[in-house]
Amino acid sequence: MANTSSAAENCDIGLIGLAVMGQNLALNIESRGYCVAVFNRTTSVVDTFLAERAADRNIVGCHSIEELVGRLSRPRKVMLMVKAGPPVDAVIEQLLPHLEPGDVIIDGGNSHFEDTRRRWRDIEARGLLYVGMGVSGGEEGALHGPSLMPGGSPEAWPLIQPIFQAIAAKVGPNHDIPCCEWIGPDGAGHYVKMVHNGIEYGDMQLIGESYFLLKHLAGLTNEQLYDVFDAWNQGELDSYLIEITRDIFSVKDPETGRYLVDLILDTAGSKGTGKWMSQHALDLGVPTTLITEAVYARYLSALKEHRVRAAETLQGPGISWQGDPQQLIEQIRQALYASKICSYAQGFFQLQAAADQLNWTLDYGTIALLWRGGCIIRARFLDRIKEAFDADPRLENLLLAPYFAEVVQRSQPAWREVVATAVRHGIWVPAFSAAIAYYDGYRTARLPANLLQAQRDYFGAHTYQRVDREGTFHTDWLSLRRPPRPASASSSATDTPAEDESR
């Protein structure tokens with residue numbers, strides 16, 4: 001068992017919070033040659049960890065925060081793996097009396113970026129350094145190589161860089177490029193993690209809609225679905241989420257012998273990061289529509305009892321599809337890839353808008369590379385995003401990069417056919433629909449917002465701008481309008497033009 005005595009300072013980093021993610025990160029750090037001091041509020045968890053998973057490892061268990069801080073070499077580095085929100089503030093308050101200027105606090109949880117900005121300001125005012133670090137990859141990633149997104153006090157980066165780049169996932173031809181790089185100041189790291197999670201929502205919803213179309217239109221069995229997703233994972237859709245979706249279709253319930261996916265209740269949970277992204281998109285005034293639809297899709301799925309009751313009353317067109325299954329599979333593949341491009345385009349567009357508002361300088365190509373390994377949205381596709389931003393660091397929208405523009409142009413016939421077919425048969429595809437609507441809106445030089453703005457000026461004097469001259473204008477629409485017909489002259493507001501001319 002690792003030493004728990006109050007021996008001389010010698011540990012490289014302290015870690016507070018020993019749920020599975022915290023334990024796995026501690027084991028990962030130790031495996032790279034570092035000594036880790038660990039503490040958990042329930043001290044029996046520390047003892048169990050040392051006796052079992054951390055037995056004979058260079059991990060030091062502590063029964064108080066004071067003891068943990070006392071075991072760290074200077075400048076001290078303490079990582080928090082506790083529940084986001086008030087628990088983070090509570091642990092920081094307990095830590096502060098024991099730290100000194102130059103020490104580093106690292107929050108590795110899913111904190112809201114505004115909380116991280118607040119904590120960064122407060123802690124830097126005390127002369128300490130603060131890092132908000134997004135950690136993605138789940139329990140396995142934490143143990144074997146996560147994607148890490150640190151931001152906050154830039155002076156902290158040289159102090160923590162060796163440790164976190166050592167434990168991060170590695171990508172590149174020689175598997176030597178760590179998926180860990182400095183993001184930017186204050187809350188930038190946690191903001192990038194929030195966007196990662198939002199994109200994850202979109203990816204998962206698009207995959208779910210693809211599955212539903214293949215199952216209910218093409219009538220594919222789980223064995224056939226496995227084969228489809230396996231084939232997709234060999235091409236441009238190669239990704240962790242496609243890979244695990246393939247695997248899910250092969251798993252049978254040991255008790256019943258039935259496919260497990262068919263026994264799972266169709267209600268999806270969420271932890272809030274997708275909602276946070278959508279909320280901030282509204283604050284920024286940017287159209288992160290697909291990801292927001294994916295958030296709403298989870299909320300609608302949770303209304304299971306409502307949906308069951310509604311299904312007894314509300315009728316759709318019914319499914320009577322008679323097409324070629326192989327052709328549909330290819331159309332859905334193209335629609336999925338094109339929609340995925342729109343989702344990532346929205347995510348990076350929001351990153352750019354946030355950076356402008358919050359005075360961050362972000363390297364979007366590097367961010368794409370951080371997501372190339374270790375995290376949930378890791379995919380071959382991300383190499384293309386890095387190439388796009390390397391070619392044009394000021395790229396306005398991923399859809400304008402030559403590769404992505406060509407893909408969505410080539411995919412349009414299949415993409416539109418998939419959405420139209422789904423709507424004709426009453427199959428719910430909110431993410432596919434949001435993707436094509438975003439694409440059509442973004443590529444349209446003149447939208448009907450001119451009428452909307454006229455309406456706003458009519459009822460609220462909100463003013464408008466013109467296409468033929470500079471300035472801001474207001475019109476007295478009531479005095480200039482064509483007077484309505486007397487009630488006796490027209491029985492309906494829908495008279496045809498011919499009837500109008502005859503009067």
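The values are calculated or read from the model by the stated rules, or taken from the named source; none is laboratory data. All values reported here derive from a predicted model rather than from experimental measurement. Glycine also receives a Cβ, built like all others from the backbone with ideal geometry; neighbour counts cover every protein chain displayed. We work out accessible area using only protein heavy atoms, side chains counted, and drop any ligands, DNA or RNA first. Shrake-Rupley method; radii C 1.70, N 1.55, O 1.52, S 1.80 Å.
Looking only at the range 369-380, filter to residues that are touching a helix residue (DSSP H, G or I) at 6+ places or on another chain (Cβ under 8 Å) and small (Gly, Ala, Ser); which one of those is surrounded by the most Cβ atoms within 10 Å (Cβ to Cβ)? Filtering the range 369-380 for residues that are touching a helix residue (DSSP H, G or I) at 6+ places or on another chain (Cβ under 8 Å) and small (Gly, Ala, Ser), the one surrounded by the most Cβ atoms within 10 Å (Cβ to Cβ) comes out as Gly374. When Arg53 is tested against (1) farther than 24 Å from Pro101 by Cβ; (2) over 32 Å from the mean Cα position of the chain (by Cα), just one condition goes unmet, and that condition is (2).
Taking the range 209-252 on its own, how many of its residues are among the acidic types (Asp, Glu) and free of Cβ contacts under 8 Å to residues at least 24 places away in the same chain?
Qualifying residue count for the region: 4.
Filter the range 425-473 for residues that are surrounded by 10 or more Cβ atoms within 10 Å (Cβ to Cβ) and among the acidic types (Asp, Glu) and give the result. Result: Asp440, Asp457. For the range 381-409, a residue qualifies if it is open to solvent by less than 50 Å² (accessible area, probe 1.4 Å) and within 28 Å of Glu139 (Cβ to Cβ), and the qualifying residues are Phe381, Leu382, Ile385.
Screening Tyr211, Tyr191 for residues that are modelled with pLDDT of 95 or more, of a type in the set (Phe, Trp, Tyr) and surrounded by 24 or more Cβ atoms within 10 Å (Cβ to Cβ) leaves exactly one candidate, Tyr191.
Among the residues of the range 276-299, is any among the acidic types (Asp, Glu), touching a residue at least 60 places away in the same chain (Cβ under 8 Å), out of contact with any Ser or Thr (no Cβ under 7 Å at 6 or more places or on another chain) and at negative phi?
yes
Looking across the range 272-322, the residues that are open to solvent by less than 60 Å² (accessible area, probe 1.4 Å), β-branched (Val, Ile, Thr) and in a helix (DSSP H, G or I) come down to Thr273, Thr289, Ile291, Thr292, Val295. Inside the range 216-231, residues that are within 13 Å of Leu328 (Cα to Cα) and open to solvent by 60 Å² or more (accessible area, probe 1.4 Å) make up a count of 1. Looking across the range 232-250, the residues that are part of a loop (DSSP other than H, G, I, E, B) and either open to solvent by less than 50 Å² (accessible area, probe 1.4 Å) or over 17 Å from Leu263 (Cα atoms) (or both) come down to Asn233, Gln234, Gly235, Glu236, Leu237, Asp238, Phe249. Taking the range 254-267 as the range and being outside any helix (DSSP H, G or I), open to solvent by less than 50 Å² (accessible area, probe 1.4 Å) and out of contact with any Asp or Glu (no Cβ under 9 Å at 6 or more places or on another chain) as the test, only Gly257 passes.
So, in the range 336-363, how many residues would count as being of a type outside the set (S, T, N, Q) and in a loop (DSSP other than H, G, I, E, B)? Outline the logic, then answer.
Of the range 336-363, the ones of a type outside the set (S, T, N, Q) are 336-338, 340-342, 344-345, 347-349, 351, 353-356, 358, 360, 362-363.
Still in the running and in a loop (DSSP other than H, G, I, E, B): 360, 362-363.
Final tally of qualifying residues: 3.
In the range 356-368, the condition of being open to solvent by 30 Å² or more (accessible area, probe 1.4 Å) and within 15 Å of the chain's Cα centre (by Cα) is met by no residue.
Taking Gln346 as the residue in question, decide whether it is under 15 Å from the mean Cα position of the chain (by Cα), modelled with pLDDT of 95 or more and closer than 17 Å to Gly187 by Cα. No; evaluated as a whole, the condition is false for this residue. Note on the range 36-59: residues that are open to solvent by 10 Å² or more (accessible area, probe 1.4 Å), of a type outside the set (D, E, K, R) and either more than 16 Å from Ile92 (Cα to Cα) or not in a loop (DSSP other than H, G, I, E, B) (or both) amount to 9. If you check every pair at least six apart or on different chains, which have Cβ atoms under 9 Å apart with a residue in the range 389-409 that is over 24 Å from Leu336 (Cβ atoms) first and a residue that is surrounded by 12 or more Cβ atoms within 10 Å (Cβ to Cβ) and among the aliphatic types (A, V, I, L, M) second? Note: pairs meeting the criteria are Ala391/Ala401; Asp392/Leu400; Asp392/Ala401.
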